[in-house]
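What follows is one structure encoded as C-alpha coordinates, with my remarks underneath.
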Amino acid sequence: KAGVTQTPRYLIKTRGQQVTLSCSPISGHRSVSWYQQTPGQGLQFLFEYFSETQRNKGNFPGRFSGRQFSNSRSEMNVSTLELGDSALYLCASSDPQGTQYFGPGTRLLVL
Amino acid sequence: GQNIDQPTEMTATEGAIVQINCTYQTSGFNGLFWYQQHAGEAPTFLSYNVLDGLEEKGRFSSFLSRSKGYSYPLLKELQMKDSASYLCAVRDRNQGGKLIFGQGTELSVKP
(Lines give C-alpha, C1' and ligand atoms only; values in the text may rest on other atoms or scores of the structure.)
Protein backbone atom coordinates (compact mmCIF):
# COMPACT_ATOMS: atom_id res chain seq x y z
CA LYS A 1 0.00 0.00 0.00
CA ALA A 2 1.21 3.47 -0.76
CA GLY A 3 1.84 5.67 2.26
CA VAL A 4 0.47 9.10 3.11
CA THR A 5 1.49 11.70 0.56
CA GLN A 6 1.66 15.45 1.00
CA THR A 7 2.14 18.24 -1.49
CA PRO A 8 4.01 20.43 -1.85
CA ARG A 9 7.06 19.30 0.13
CA TYR A 10 8.55 22.77 0.45
CA LEU A 11 6.99 26.20 0.24
CA ILE A 12 8.19 29.76 0.69
CA LYS A 13 5.61 32.51 1.21
CA THR A 14 5.60 36.08 2.47
CA ARG A 15 3.67 37.55 5.36
CA GLY A 16 0.03 38.22 4.57
CA GLN A 17 -0.24 35.59 1.86
CA GLN A 18 -2.33 32.46 2.14
CA VAL A 19 -1.35 28.85 1.52
CA THR A 20 -3.11 25.55 0.81
CA LEU A 21 -1.50 22.21 1.66
CA SER A 22 -2.73 18.86 0.42
CA CYS A 23 -2.73 15.38 1.92
CA SER A 24 -3.71 12.02 0.45
CA PRO A 25 -4.22 9.33 3.09
CA ILE A 26 -3.41 5.64 2.90
CA SER A 27 -6.02 3.86 0.81
CA GLY A 28 -8.96 2.83 2.98
CA HIS A 29 -8.15 5.25 5.80
CA ARG A 30 -11.01 7.67 6.41
CA SER A 31 -9.53 9.79 9.19
CA VAL A 32 -6.96 12.49 8.51
CA SER A 33 -5.26 14.60 11.19
CA TRP A 34 -3.07 17.65 10.73
CA TYR A 35 -0.21 18.78 13.00
CA GLN A 36 2.18 21.69 13.15
CA GLN A 37 5.72 20.89 14.28
CA THR A 38 8.22 23.52 15.40
CA PRO A 39 11.45 23.10 17.37
CA GLY A 40 10.08 25.00 20.35
CA GLN A 41 6.55 23.61 20.55
CA GLY A 42 6.89 20.07 19.26
CA LEU A 43 3.92 18.44 17.54
CA GLN A 44 0.76 20.50 17.96
CA PHE A 45 -2.61 19.14 16.87
CA LEU A 46 -4.49 21.29 14.38
CA PHE A 47 -7.60 19.30 13.44
CA GLU A 48 -8.97 15.92 12.46
CA TYR A 49 -11.40 15.05 9.68
CA PHE A 50 -13.45 11.91 9.28
CA SER A 51 -15.89 11.31 6.44
CA GLU A 52 -15.70 14.95 5.34
CA THR A 53 -16.56 16.26 8.82
CA GLN A 54 -14.25 17.98 11.27
CA ARG A 55 -14.24 15.67 14.26
CA ASN A 56 -11.72 17.44 16.46
CA LYS A 57 -9.97 20.77 16.62
CA GLY A 58 -6.85 22.07 18.36
CA ASN A 59 -6.15 25.50 19.80
CA PHE A 60 -5.18 27.39 16.68
CA PRO A 61 -6.65 30.67 15.43
CA GLY A 62 -9.35 30.77 12.78
CA ARG A 63 -6.72 31.54 10.12
CA PHE A 64 -6.10 27.81 10.09
CA SER A 65 -8.84 25.82 8.38
CA GLY A 66 -9.23 22.53 6.63
CA ARG A 67 -11.56 20.29 4.73
CA GLN A 68 -11.86 16.72 3.56
CA PHE A 69 -13.22 15.45 0.29
CA SER A 70 -15.34 12.39 -0.45
CA ASN A 71 -12.23 10.43 -1.48
CA SER A 72 -10.72 11.18 2.00
CA ARG A 73 -8.10 13.53 0.59
CA SER A 74 -7.69 16.57 2.81
CA GLU A 75 -6.49 20.13 2.47
CA MET A 76 -5.53 22.68 5.06
CA ASN A 77 -5.44 26.41 4.47
CA VAL A 78 -3.63 29.14 6.35
CA SER A 79 -4.67 32.69 5.57
CA THR A 80 -2.85 35.93 6.37
CA LEU A 81 0.43 34.17 7.03
CA GLU A 82 2.63 35.28 9.92
CA LEU A 83 6.33 34.68 10.48
CA GLY A 84 5.45 32.32 13.33
CA ASP A 85 3.59 30.03 10.94
CA SER A 86 6.93 28.79 9.61
CA ALA A 87 6.91 25.11 10.52
CA LEU A 88 6.71 21.55 9.31
CA TYR A 89 3.05 20.66 8.65
CA LEU A 90 2.36 16.97 9.02
CA CYS A 91 -0.66 15.02 7.93
CA ALA A 92 -1.49 11.59 9.36
CA SER A 93 -4.12 9.07 8.36
CA SER A 94 -5.53 6.60 10.87
CA ASP A 95 -6.32 2.93 10.51
CA PRO A 96 -9.53 1.57 12.09
CA GLN A 97 -7.62 0.89 15.35
CA GLY A 98 -6.62 4.55 15.56
CA THR A 99 -2.92 4.18 14.81
CA GLN A 100 -1.74 7.24 12.89
CA TYR A 101 0.67 7.05 9.97
CA PHE A 102 2.40 10.24 8.98
CA GLY A 103 3.18 11.73 5.60
CA PRO A 104 6.56 13.32 4.80
CA GLY A 105 5.27 16.79 5.69
CA THR A 106 5.28 20.19 4.03
CA ARG A 107 7.99 22.55 5.20
CA LEU A 108 6.64 26.10 5.11
CA LEU A 109 8.87 29.13 5.40
CA VAL A 110 7.21 32.53 5.83
CA LEU A 111 9.42 35.53 5.05
CA GLY B 1 -6.23 18.47 31.10
CA GLN B 2 -3.26 16.39 30.16
CA ASN B 3 0.48 16.53 30.72
CA ILE B 4 3.17 14.40 29.10
CA ASP B 5 6.79 14.49 30.26
CA GLN B 6 9.86 13.01 28.60
CA PRO B 7 13.56 13.80 29.05
CA THR B 8 14.75 16.27 26.42
CA GLU B 9 17.81 14.28 25.43
CA MET B 10 19.71 11.08 26.18
CA THR B 11 23.02 9.57 25.12
CA ALA B 12 23.80 5.86 24.87
CA THR B 13 26.54 3.65 23.48
CA GLU B 14 26.31 1.43 20.43
CA GLY B 15 25.37 -2.13 21.43
CA ALA B 16 23.86 -1.06 24.75
CA ILE B 17 20.25 -1.02 25.98
CA VAL B 18 18.39 2.24 26.57
CA GLN B 19 15.08 3.03 28.24
CA ILE B 20 13.27 6.30 27.48
CA ASN B 21 10.74 7.29 30.13
CA CYS B 22 7.41 8.98 29.53
CA THR B 23 5.02 9.99 32.30
CA TYR B 24 1.55 11.24 31.59
CA GLN B 25 -1.50 12.60 33.33
CA THR B 26 -4.77 12.42 31.49
CA SER B 27 -8.40 12.07 32.48
CA GLY B 28 -9.45 9.73 29.69
CA PHE B 29 -6.48 7.49 28.89
CA ASN B 30 -7.19 5.30 25.88
CA GLY B 31 -3.81 4.11 24.69
CA LEU B 32 -0.19 5.22 24.37
CA PHE B 33 1.88 5.37 21.18
CA TRP B 34 5.59 5.64 20.54
CA TYR B 35 6.94 7.18 17.35
CA GLN B 36 10.50 7.54 16.05
CA GLN B 37 11.46 10.63 14.10
CA HIS B 38 14.80 11.05 12.32
CA ALA B 39 15.96 14.59 11.67
CA GLY B 40 14.15 16.11 8.71
CA GLU B 41 11.78 13.18 8.37
CA ALA B 42 8.22 12.36 9.42
CA PRO B 43 7.46 10.35 12.59
CA THR B 44 7.16 6.61 12.05
CA PHE B 45 4.99 4.35 14.22
CA LEU B 46 6.85 2.10 16.67
CA SER B 47 4.32 0.73 19.16
CA TYR B 48 0.91 0.96 20.76
CA ASN B 49 0.07 -0.06 24.34
CA VAL B 50 -3.34 0.04 25.92
CA LEU B 51 -2.93 -2.73 28.51
CA ASP B 52 -0.33 -2.95 31.27
CA GLY B 53 2.84 -4.88 30.60
CA LEU B 54 5.60 -5.31 28.10
CA GLU B 55 5.08 -5.66 24.33
CA GLU B 56 8.13 -7.10 22.59
CA LYS B 57 8.96 -6.67 18.93
CA GLY B 58 12.52 -7.67 18.08
CA ARG B 59 15.06 -5.12 19.31
CA PHE B 60 12.26 -2.89 20.43
CA SER B 61 9.90 -3.36 23.39
CA SER B 62 7.40 -1.01 24.99
CA PHE B 63 6.09 -1.06 28.54
CA LEU B 64 3.00 0.51 30.07
CA SER B 65 1.76 0.97 33.62
CA ARG B 66 -1.64 2.67 33.61
CA SER B 67 -1.81 2.92 37.41
CA LYS B 68 1.50 4.82 37.48
CA GLY B 69 0.87 6.80 34.29
CA TYR B 70 4.19 5.60 32.94
CA SER B 71 5.58 4.09 29.78
CA TYR B 72 8.95 3.44 28.22
CA PRO B 73 10.35 1.96 25.05
CA LEU B 74 13.31 -0.35 25.52
CA LEU B 75 15.81 -0.38 22.67
CA LYS B 76 18.30 -3.25 22.71
CA GLU B 77 21.57 -3.75 20.80
CA LEU B 78 21.63 -0.07 19.92
CA GLN B 79 22.79 0.89 16.46
CA MET B 80 23.94 4.27 15.17
CA LYS B 81 20.79 4.47 13.05
CA ASP B 82 18.70 4.48 16.26
CA SER B 83 19.82 8.08 16.84
CA ALA B 84 16.54 9.96 16.51
CA SER B 85 13.81 11.70 18.44
CA TYR B 86 11.37 9.40 20.25
CA LEU B 87 7.87 10.79 20.70
CA CYS B 88 5.40 9.61 23.33
CA ALA B 89 1.72 10.24 22.48
CA VAL B 90 -1.36 9.58 24.59
CA ARG B 91 -4.86 9.14 23.23
CA ASP B 92 -7.46 10.83 25.37
CA ARG B 93 -11.08 9.79 24.97
CA ASN B 94 -12.15 12.97 26.75
CA GLN B 95 -10.46 14.98 24.01
CA GLY B 96 -12.34 13.27 21.21
CA GLY B 97 -9.73 10.54 20.94
CA LYS B 98 -7.02 12.83 19.61
CA LEU B 99 -3.34 12.14 20.24
CA ILE B 100 -1.46 14.43 22.60
CA PHE B 101 2.28 14.35 21.93
CA GLY B 102 5.15 14.88 24.33
CA GLN B 103 8.06 17.11 23.33
CA GLY B 104 10.15 14.12 22.31
CA THR B 105 13.45 12.69 23.57
CA GLU B 106 16.50 13.20 21.36
CA LEU B 107 18.57 10.01 21.57
CA SER B 108 22.22 10.11 20.47
CA VAL B 109 23.95 6.78 19.98
CA LYS B 110 27.75 7.03 20.24
CA PRO B 111 30.28 4.46 19.02
Residue of A:Pro25, A:Pro96, A:Pro39 that the Gaussian network model of chain A assigns the largest fluctuation, springs spanning Cα pairs under 10 Å: A:Pro39
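Arrange the residues A:Lys1, B:Lys81, A:Lys13, A:Lys57 by how much accessible surface each exposes, largest first, with a 1.4 angstrom probe. Display every interim value, and only then the final one.
Working: A:Lys1 195, B:Lys81 130, A:Lys13 50, A:Lys57 90 Å².
Sorted by accessible area, descending: A:Lys1, B:Lys81, A:Lys57, A:Lys13.
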Cβ-based net charge around B:Gln95, under 12 Å, with every Lys or Arg adding one and every Asp or Glu removing one: +3
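I'd like the projected area of chain A, averaged over all directions, using the convex hull of its alpha carbons. Report it in nm² with one decimal. Provide the component values of the computation, followed by the final result.
Values: hull surface 25.8 nm².
Computing the convex hull of the Cα atoms and averaging its projections yields 6.4 nm².
Which whole number of Å³ per residue matches the convex hull of the alpha-carbon atoms in the protein assembly as shown? Kindly include the intermediate steps, with their values, before the conclusion.
Details: hull volume 27.1 nm³, N = 222.
Cα-based convex hull of the protein assembly as shown, divided per residue, equals 122 Å³.
Only four residue types carry charge here, +1 at the Cβ of Lys and Arg and -1 at the Cβ of Asp and Glu. Report the dipole size of chain A about the Cα centre in Debye, rounded to the nearest 20.
Dipole magnitude for chain A comes out near 140 debye.
Sum up the charges of everything whose Cβ sits under 14 Å from the Cβ of A:Leu21, counting Lys and Arg as +1 and Asp and Glu as -1, but leave A:Leu21 out.
On the way: positive: A:Arg9, A:Lys13, A:Arg63, A:Arg67, A:Arg73, A:Arg107; negative: A:Glu75, A:Asp85.
That sum, taken over residues with Cβ under 14 Å, equals +4.
What whole-number value in cubic angstrom gives the convex hull volume per residue for the C-alpha atoms of chain B?
Values: hull volume 10.1 nm³, N = 111.
So the per-residue hull volume is 91 Å³.
Scan the range B:1-109 for GluC sites (Glu not before Pro) in coil per DSSP, keeping those whose Cβ has at most 12 other Cβ atoms within 10 Å, and list them by number.
Details: sites: B:Glu9, B:Glu14, B:Glu41, B:Glu55, B:Glu56, B:Glu77, B:Glu106; in loops: B:Glu14, B:Glu41, B:Glu77.
Qualifying residues, ordered by number: B:Glu77.
The values are calculated or read from the model by the stated rules, or taken from the named source; none is laboratory data. Computed from a predicted model, the values in this text were never measured in an experiment. Virtual Cβ from ideal backbone geometry, glycine too; neighbours counted across all protein chains shown. Just the protein is used for accessible areas: all its heavy atoms, side chains included, with ligands, DNA and RNA removed. Shrake-Rupley method; radii C 1.70, N 1.55, O 1.52, S 1.80 Å.
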